[in-house]
Amino acid sequence: MKENEQASLSIRKIALITIMLIFMLGVGVRATTASLNTVKIVLSDNYQIEVITTKKVVSEILEENHIIVLPTENVFPSLEAEISGENATITITSLENPTELTTLAEESEKVSIEQLLSNYSPITEKIVTKNEEIPYETVDEDGKKIDTNNTSKNYKVQKKGKVGKTQSVYKIRYQNEIEIEKIEISKKIISQPVNEVLKESTEVSTRNSNSYRSNNVSAKNLASLVEGIEPQVRTLNTSAYTASTCGKDPSSPGYGITSSGARATAWYTVAAGSAYPVGTVIYIPYFANKPNGGWFVVQDRGGAIKNNKLDVYMDTYRECEIFGRRNLECYIYVR
(Lines give C-alpha, C1' and ligand atoms only; values in the text may rest on other atoms or scores of the structure.)
Protein backbone atom coordinates (compact mmCIF):
# COMPACT_ATOMS: atom_id res chain seq x y z
CA MET A 1 0.00 0.00 0.00
CA LYS A 2 2.78 2.40 0.93
CA GLU A 3 4.62 1.51 -2.24
CA ASN A 4 1.55 2.42 -4.30
CA GLU A 5 1.21 5.75 -2.50
CA GLN A 6 4.89 6.54 -3.06
CA ALA A 7 4.63 5.66 -6.73
CA SER A 8 1.55 7.84 -7.10
CA LEU A 9 3.32 10.69 -5.33
CA SER A 10 6.33 10.39 -7.67
CA ILE A 11 4.09 10.47 -10.72
CA ARG A 12 2.36 13.63 -9.46
CA LYS A 13 5.72 15.31 -8.83
CA ILE A 14 6.93 14.44 -12.33
CA ALA A 15 3.71 15.75 -13.87
CA LEU A 16 3.92 18.97 -11.87
CA ILE A 17 7.56 19.56 -12.86
CA THR A 18 6.72 18.87 -16.52
CA ILE A 19 3.84 21.35 -16.46
CA MET A 20 6.08 23.99 -14.87
CA LEU A 21 8.79 23.42 -17.49
CA ILE A 22 6.28 23.69 -20.36
CA PHE A 23 4.89 26.91 -18.90
CA MET A 24 8.34 28.44 -18.46
CA LEU A 25 9.36 27.49 -22.01
CA GLY A 26 6.15 29.00 -23.42
CA VAL A 27 6.75 32.26 -21.59
CA GLY A 28 10.33 32.33 -22.83
CA VAL A 29 9.30 31.68 -26.44
CA ARG A 30 6.61 34.36 -26.28
CA ALA A 31 9.05 36.85 -24.77
CA THR A 32 11.68 36.07 -27.44
CA THR A 33 9.14 36.30 -30.24
CA ALA A 34 7.77 39.59 -28.93
CA SER A 35 11.21 41.18 -28.96
CA LEU A 36 12.07 40.27 -32.57
CA ASN A 37 11.72 43.06 -35.17
CA THR A 38 11.89 43.03 -38.96
CA VAL A 39 13.92 46.01 -40.18
CA LYS A 40 14.44 47.11 -43.80
CA ILE A 41 17.86 48.63 -44.52
CA VAL A 42 18.24 50.76 -47.68
CA LEU A 43 21.87 51.27 -48.67
CA SER A 44 23.21 54.34 -50.50
CA ASP A 45 23.26 52.46 -53.83
CA ASN A 46 19.50 51.75 -53.33
CA TYR A 47 20.17 48.06 -52.56
CA GLN A 48 17.67 46.88 -49.90
CA ILE A 49 17.86 44.10 -47.33
CA GLU A 50 15.52 42.92 -44.56
CA VAL A 51 16.90 41.65 -41.27
CA ILE A 52 15.32 40.14 -38.15
CA THR A 53 16.79 41.49 -34.95
CA THR A 54 16.18 41.99 -31.28
CA LYS A 55 18.13 45.23 -31.37
CA LYS A 56 16.35 48.59 -31.42
CA VAL A 57 19.20 51.12 -31.62
CA VAL A 58 20.13 51.94 -35.23
CA SER A 59 23.90 51.71 -34.71
CA GLU A 60 23.53 48.29 -33.02
CA ILE A 61 21.36 46.95 -35.84
CA LEU A 62 23.92 48.06 -38.44
CA GLU A 63 26.82 46.65 -36.43
CA GLU A 64 24.98 43.35 -35.97
CA ASN A 65 24.65 43.07 -39.75
CA HIS A 66 28.25 44.18 -40.43
CA ILE A 67 27.19 47.39 -42.21
CA ILE A 68 29.71 50.23 -41.96
CA VAL A 69 28.63 53.83 -42.50
CA LEU A 70 31.25 55.73 -44.49
CA PRO A 71 32.21 59.36 -43.68
CA THR A 72 30.56 60.39 -46.98
CA GLU A 73 27.25 58.80 -45.97
CA ASN A 74 24.40 59.84 -43.75
CA VAL A 75 21.94 57.67 -41.79
CA PHE A 76 18.27 58.27 -41.17
CA PRO A 77 17.12 57.92 -38.44
CA SER A 78 20.30 58.89 -36.60
CA LEU A 79 22.64 56.21 -35.24
CA GLU A 80 21.45 56.90 -31.67
CA ALA A 81 17.75 56.61 -32.51
CA GLU A 82 15.61 53.60 -31.59
CA ILE A 83 13.26 51.97 -34.09
CA SER A 84 10.68 49.23 -33.75
CA GLY A 85 7.32 48.15 -35.02
CA GLU A 86 6.07 47.59 -38.55
CA ASN A 87 7.71 49.35 -41.49
CA ALA A 88 10.86 50.06 -39.49
CA THR A 89 13.41 51.33 -42.00
CA ILE A 90 17.00 52.53 -41.89
CA THR A 91 18.08 54.63 -44.89
CA ILE A 92 21.71 55.32 -45.78
CA THR A 93 22.28 58.13 -48.30
CA SER A 94 25.35 59.62 -49.96
CA LEU A 95 26.32 63.13 -48.89
CA GLU A 96 27.75 63.73 -52.39
CA ASN A 97 24.19 63.83 -53.71
CA PRO A 98 22.07 64.91 -50.72
CA THR A 99 18.34 64.93 -51.01
CA GLU A 100 15.81 67.12 -49.29
CA LEU A 101 14.83 64.07 -47.26
CA THR A 102 18.35 63.83 -45.83
CA THR A 103 18.40 67.52 -44.95
CA LEU A 104 15.11 67.22 -43.17
CA ALA A 105 16.23 64.06 -41.37
CA GLU A 106 19.22 65.87 -39.90
CA GLU A 107 16.89 68.40 -38.32
CA SER A 108 14.47 65.90 -36.84
CA GLU A 109 14.48 62.20 -36.06
CA LYS A 110 10.75 61.90 -36.68
CA VAL A 111 9.50 63.08 -40.06
CA SER A 112 5.82 63.18 -40.90
CA ILE A 113 4.41 62.67 -44.40
CA GLU A 114 3.21 66.28 -44.35
CA GLN A 115 6.76 67.50 -43.70
CA LEU A 116 8.14 65.42 -46.54
CA LEU A 117 5.51 66.64 -48.99
CA SER A 118 6.13 70.25 -48.02
CA ASN A 119 9.68 69.94 -49.39
CA TYR A 120 8.49 69.18 -52.90
CA SER A 121 7.14 71.89 -55.21
CA PRO A 122 3.69 71.01 -56.56
CA ILE A 123 3.19 70.40 -60.26
CA THR A 124 0.40 72.42 -61.83
CA GLU A 125 -1.35 71.88 -65.15
CA LYS A 126 -2.84 74.51 -67.42
CA ILE A 127 -4.81 74.27 -70.64
CA VAL A 128 -3.38 76.91 -72.98
CA THR A 129 -4.72 77.99 -76.37
CA LYS A 130 -2.18 79.45 -78.79
CA ASN A 131 -2.58 81.02 -82.22
CA GLU A 132 0.35 80.28 -84.50
CA GLU A 133 1.32 81.28 -88.03
CA ILE A 134 1.69 79.05 -91.08
CA PRO A 135 4.35 80.56 -93.36
CA TYR A 136 3.50 81.06 -97.01
CA GLU A 137 5.62 79.95 -99.97
CA THR A 138 7.04 82.09 -102.74
CA VAL A 139 6.10 80.81 -106.20
CA ASP A 140 6.21 81.97 -109.81
CA GLU A 141 3.21 82.51 -112.09
CA ASP A 142 3.03 78.76 -112.81
CA GLY A 143 2.96 77.89 -109.13
CA LYS A 144 6.54 76.62 -109.08
CA LYS A 145 8.36 77.32 -105.84
CA ILE A 146 11.11 79.95 -106.08
CA ASP A 147 14.23 79.89 -103.95
CA THR A 148 14.87 83.63 -103.98
CA ASN A 149 18.16 83.17 -102.13
CA ASN A 150 19.74 81.11 -104.88
CA THR A 151 18.81 82.99 -108.04
CA SER A 152 20.25 85.90 -109.92
CA LYS A 153 16.92 86.79 -111.51
CA ASN A 154 14.98 89.88 -110.55
CA TYR A 155 11.35 89.49 -109.53
CA LYS A 156 8.41 91.76 -108.88
CA VAL A 157 5.64 90.89 -106.48
CA GLN A 158 2.56 90.11 -108.53
CA LYS A 159 0.47 88.90 -105.61
CA LYS A 160 1.27 89.48 -101.98
CA GLY A 161 1.67 86.48 -99.73
CA LYS A 162 -0.29 86.02 -96.56
CA VAL A 163 0.51 83.81 -93.60
CA GLY A 164 -2.05 81.26 -92.47
CA LYS A 165 -3.16 80.75 -88.90
CA THR A 166 -3.69 77.75 -86.67
CA GLN A 167 -5.16 77.43 -83.20
CA SER A 168 -3.59 74.81 -80.98
CA VAL A 169 -4.64 73.67 -77.52
CA TYR A 170 -1.88 72.44 -75.22
CA LYS A 171 -1.79 70.84 -71.80
CA ILE A 172 1.25 72.34 -70.12
CA ARG A 173 2.71 71.17 -66.80
CA TYR A 174 4.66 73.61 -64.63
CA GLN A 175 6.86 73.19 -61.58
CA ASN A 176 8.22 76.28 -59.85
CA GLU A 177 6.62 78.23 -62.72
CA ILE A 178 8.92 76.44 -65.19
CA GLU A 179 7.41 74.51 -68.10
CA ILE A 180 8.39 70.83 -67.75
CA GLU A 181 6.00 69.19 -70.22
CA LYS A 182 3.89 70.32 -73.15
CA ILE A 183 1.33 68.07 -74.83
CA GLU A 184 -0.70 69.11 -77.86
CA ILE A 185 -4.36 68.20 -77.31
CA SER A 186 -5.87 69.57 -80.50
CA LYS A 187 -5.02 71.70 -83.51
CA LYS A 188 -7.24 73.35 -86.09
CA ILE A 189 -6.50 75.53 -89.08
CA ILE A 190 -8.18 78.93 -88.92
CA SER A 191 -6.93 80.13 -92.29
CA GLN A 192 -4.72 78.68 -94.99
CA PRO A 193 -1.62 80.59 -96.12
CA VAL A 194 -1.74 82.41 -99.45
CA ASN A 195 1.36 81.95 -101.58
CA GLU A 196 3.25 85.01 -102.71
CA VAL A 197 3.44 85.11 -106.50
CA LEU A 198 6.48 86.69 -108.13
CA LYS A 199 6.88 87.72 -111.73
CA GLU A 200 10.28 87.83 -113.36
CA SER A 201 11.37 91.38 -114.08
CA THR A 202 13.59 92.43 -116.96
CA GLU A 203 14.18 95.93 -115.56
CA VAL A 204 17.78 96.86 -114.90
CA SER A 205 18.29 98.89 -111.77
CA THR A 206 20.80 101.70 -111.94
CA ARG A 207 21.90 104.17 -109.35
CA ASN A 208 19.79 107.06 -110.63
CA SER A 209 16.99 105.27 -112.50
CA ASN A 210 14.45 106.39 -109.86
CA SER A 211 14.50 109.28 -107.47
CA TYR A 212 13.89 107.05 -104.48
CA ARG A 213 17.12 105.20 -105.26
CA SER A 214 19.12 108.38 -104.79
CA ASN A 215 20.96 108.53 -101.49
CA ASN A 216 20.06 112.21 -101.17
CA VAL A 217 16.32 111.61 -100.72
CA SER A 218 15.21 112.70 -97.25
CA ALA A 219 13.05 110.66 -94.89
CA LYS A 220 10.15 113.03 -95.52
CA ASN A 221 10.46 112.59 -99.28
CA LEU A 222 10.67 108.82 -98.97
CA ALA A 223 7.44 108.85 -96.99
CA SER A 224 5.75 110.99 -99.65
CA LEU A 225 6.97 108.71 -102.44
CA VAL A 226 5.08 105.73 -101.00
CA GLU A 227 2.00 107.66 -99.95
CA GLY A 228 -1.12 105.71 -100.87
CA ILE A 229 0.69 102.36 -101.06
CA GLU A 230 -0.49 99.83 -98.49
CA PRO A 231 2.60 98.33 -96.83
CA GLN A 232 3.31 94.71 -96.01
CA VAL A 233 3.77 94.56 -92.25
CA ARG A 234 6.23 91.87 -91.34
CA THR A 235 8.62 91.04 -88.53
CA LEU A 236 12.09 90.59 -90.02
CA ASN A 237 15.19 89.23 -88.35
CA THR A 238 17.42 92.29 -88.65
CA SER A 239 21.21 92.49 -88.45
CA ALA A 240 23.75 95.15 -89.46
CA TYR A 241 26.71 95.29 -91.83
CA THR A 242 29.35 97.70 -93.05
CA ALA A 243 31.70 97.88 -96.03
CA SER A 244 34.48 95.97 -94.24
CA THR A 245 32.23 92.95 -93.67
CA CYS A 246 31.37 92.45 -97.34
CA GLY A 247 34.53 90.55 -98.24
CA LYS A 248 35.91 93.19 -100.60
CA ASP A 249 39.36 94.71 -100.40
CA PRO A 250 39.33 98.45 -99.55
CA SER A 251 41.42 99.08 -102.66
CA SER A 252 38.80 97.39 -104.86
CA PRO A 253 36.70 99.68 -107.09
CA GLY A 254 33.60 97.88 -105.82
CA TYR A 255 34.36 98.50 -102.15
CA GLY A 256 31.29 100.04 -100.50
CA ILE A 257 29.22 99.74 -103.69
CA THR A 258 25.85 97.99 -103.41
CA SER A 259 24.41 95.52 -105.92
CA SER A 260 22.20 98.35 -107.23
CA GLY A 261 25.29 100.31 -108.22
CA ALA A 262 24.78 102.98 -105.56
CA ARG A 263 27.29 103.57 -102.80
CA ALA A 264 26.10 102.20 -99.48
CA THR A 265 25.01 104.95 -97.11
CA ALA A 266 24.42 104.64 -93.36
CA TRP A 267 20.81 105.17 -92.23
CA TYR A 268 19.61 104.77 -95.78
CA THR A 269 20.80 101.51 -97.36
CA VAL A 270 19.45 98.07 -96.45
CA ALA A 271 20.09 94.64 -97.95
CA ALA A 272 16.99 92.46 -98.42
CA GLY A 273 15.91 89.24 -100.15
CA SER A 274 15.08 89.28 -103.85
CA ALA A 275 11.35 89.23 -103.07
CA TYR A 276 11.81 92.94 -102.40
CA PRO A 277 12.97 94.71 -105.56
CA VAL A 278 15.78 97.25 -105.44
CA GLY A 279 14.20 100.59 -104.61
CA THR A 280 11.66 99.13 -102.19
CA VAL A 281 11.07 101.55 -99.32
CA ILE A 282 11.03 100.12 -95.79
CA TYR A 283 9.98 101.94 -92.64
CA ILE A 284 11.26 100.52 -89.33
CA PRO A 285 9.70 102.18 -86.24
CA TYR A 286 12.62 100.97 -84.08
CA PHE A 287 14.88 103.52 -85.84
CA ALA A 288 12.38 106.40 -85.76
CA ASN A 289 14.73 108.53 -83.63
CA LYS A 290 17.67 108.10 -86.02
CA PRO A 291 18.68 110.71 -88.65
CA ASN A 292 16.60 108.97 -91.32
CA GLY A 293 13.48 108.83 -89.14
CA GLY A 294 13.39 105.06 -89.65
CA TRP A 295 13.10 105.15 -93.48
CA PHE A 296 15.35 102.93 -95.61
CA VAL A 297 15.70 101.89 -99.26
CA VAL A 298 16.57 98.40 -100.51
CA GLN A 299 19.81 98.85 -102.44
CA ASP A 300 21.75 95.67 -101.70
CA ARG A 301 21.55 91.87 -101.60
CA GLY A 302 23.49 89.29 -99.64
CA GLY A 303 24.16 85.56 -99.75
CA ALA A 304 22.73 85.02 -96.26
CA ILE A 305 19.86 87.49 -96.67
CA LYS A 306 16.59 85.62 -97.07
CA ASN A 307 13.14 87.11 -97.41
CA ASN A 308 12.61 86.95 -93.65
CA LYS A 309 15.86 88.80 -92.94
CA LEU A 310 17.16 92.32 -93.32
CA ASP A 311 20.64 93.87 -93.11
CA VAL A 312 20.99 97.56 -92.19
CA TYR A 313 24.10 99.38 -93.41
CA MET A 314 26.08 101.22 -90.72
CA ASP A 315 29.27 103.29 -90.81
CA THR A 316 31.45 101.23 -88.46
CA TYR A 317 31.89 97.61 -87.45
CA ARG A 318 31.54 98.65 -83.79
CA GLU A 319 28.05 100.00 -84.48
CA CYS A 320 27.16 96.66 -86.07
CA GLU A 321 28.44 94.78 -83.01
CA ILE A 322 26.42 96.93 -80.62
CA PHE A 323 23.26 96.51 -82.66
CA GLY A 324 23.65 92.74 -82.95
CA ARG A 325 20.56 90.97 -84.24
CA ARG A 326 16.93 91.79 -83.45
CA ASN A 327 13.43 90.89 -84.63
CA LEU A 328 11.93 94.19 -85.80
CA GLU A 329 8.54 95.20 -87.14
CA CYS A 330 8.91 96.51 -90.71
CA TYR A 331 6.52 98.32 -93.05
CA ILE A 332 7.48 97.30 -96.56
CA TYR A 333 6.35 99.45 -99.51
CA VAL A 334 6.83 97.48 -102.74
CA ARG A 335 6.30 99.68 -105.85
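Values computed for the structure shown
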item	result
Charge dipole magnitude, Cβ of K and R +1, D and E -1 - the stretch 265-335, Cα centre, debye nearest 20	180
Fully extended contour minus Cα-Cα distance, from Arg335 to Ala304, at 0.36 nm per residue	8.8 nm
Inter-site label distance for Tyr136 and Glu230 at 7 Å from Cα along Cβ, in nm	1.1
Inter-probe distance in nm under a simple model that places probes 7 Å from Cα toward Cβ, at Glu60 and Asp315	8.8
Computed accessible area, Cys320, all protein chains, 1.4 angstrom probe, square angstrom	10
Flagged links, alpha-carbon separation over 21 Å, of Lys171/Lys309; Lys159/Lys187; Lys144/Lys306	Lys171/Lys309; Lys159/Lys187
For the stretch 285-335, radius of gyration divided by Kirkwood radius, i.e. Rg to Rh on alpha-carbons	0.93
Cβ-Cβ FRET estimate between Asn237 and Thr72, R0 fixed at 41 Å, reported to 0.05	0.20
Probe 1.4 Å, accessible area per residue of the stretch 226-335, Å²	46
Listed peptides 59-67, 272-280 by packing density, highest first (mean Cβ within 10 Å)	272-280, 59-67
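The values are calculated or read from the model by the stated rules, or taken from the named source; none is laboratory data. Bear in mind that the values here come from a model prediction, so they are computed numbers and not experimental data. Backbone-built Cβ (ideal geometry, glycine too); neighbour counts: all protein chains shown. The protein model used for the area step is the full one, side chains on, heavy atoms only, and it has no ligands, DNA or RNA in it. Shrake-Rupley method; radii C 1.70, N 1.55, O 1.52, S 1.80 Å.
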